[in-house]
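The values are calculated or read from the model by the stated rules, or taken from the named source; none is laboratory data. Predicted, not measured: the structure shown is a model, and the values here were computed from it. Here Cβ is always computed from backbone atoms with ideal geometry, including for glycine, and neighbour counts include all displayed protein chains. For the accessible areas, the whole protein counts, side chains as well, though only heavy atoms, and no ligand, DNA or RNA atoms are used. Shrake-Rupley method; radii C 1.70, N 1.55, O 1.52, S 1.80 Å.
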Amino acid sequence: MVVFFSATGTTKGVAEQIAAAANADTYEILAAQPYTADDLNWNDTNSRTTKEQNDKSVRPEILYAMKVCGVTEIYRVGGIQAIGMMAYGTRHVEPVLKIVGPG
């Protein structure tokens, strides 16, 4: 299963391609509070997404879900390249079974 969060739809498209290649289902994580255009302004240091991206803490809901599912490793990475890294692996990272994102 490919679990993803996509505020603008870009990550959703990549997640669907990975799921198709892996013959896996997808599950989309939705934001508790929907994003506005101002929230998504990556160039504004005070925008919601910029603040969330710079927040080093992991949301407690995600940690709890990971604990219930028996997760043993967490990688905090971002961007489409991170999804590819986690889906296919690298020399240093084994492919993962689940991918989640901020929300």
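Data for the structure
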| read-out | value |
| --- | --- |
| Solvent-accessible heavy-atom area per residue, rounded to whole Å², over the chain at 1.4 Å | 72 |
| Helix-only [θ]222 nm of the chain, DSSP H runs n ≥ 4, -39500 (n - 2.57) each, per residue, nearest 500 | -11000 deg cm²/dmol |
| Span from the the range 53-69 Cα centroid across to the the range 1-43 one, whole angstrom | 17 |
| Met1 - accessible surface, heavy atoms, 1.4 Å probe, Å² rounded to 10 | 100 |
| Surface accessible to a 1.4 Å probe, Val96 within the full protein complex, Å² | 40 |
| Spin-label pair Thr8/Ala82, simplified geometry with 7 Å Cα→Cβ offset, distance in nm | 1.5 |
| Glu94 versus Glu73: modelled label distance in nm, points set 7 Å from Cα along the beta carbon direction | 0.6 |
| Computed over the chain: relative contact order in percent, which uses C-alpha pairs under 8 Å that are six or more apart | 33 |
| Inverse mean reciprocal Cα-Cα distance (Kirkwood Rh) of the chain, Å | 14.6 |
| Surface share of carbon and sulfur [accessible, 1.4 angstrom probe, percent] for the chain | 54 |
| The range 1-101, dipole about Cα centre (Lys/Arg Cβ +1, Asp/Glu Cβ -1), debye to the nearest 20 | 260 |
| Kirkwood-based shape ratio for the range 1-51, expressed as Rg/Rh from alpha carbons | 1.09 |
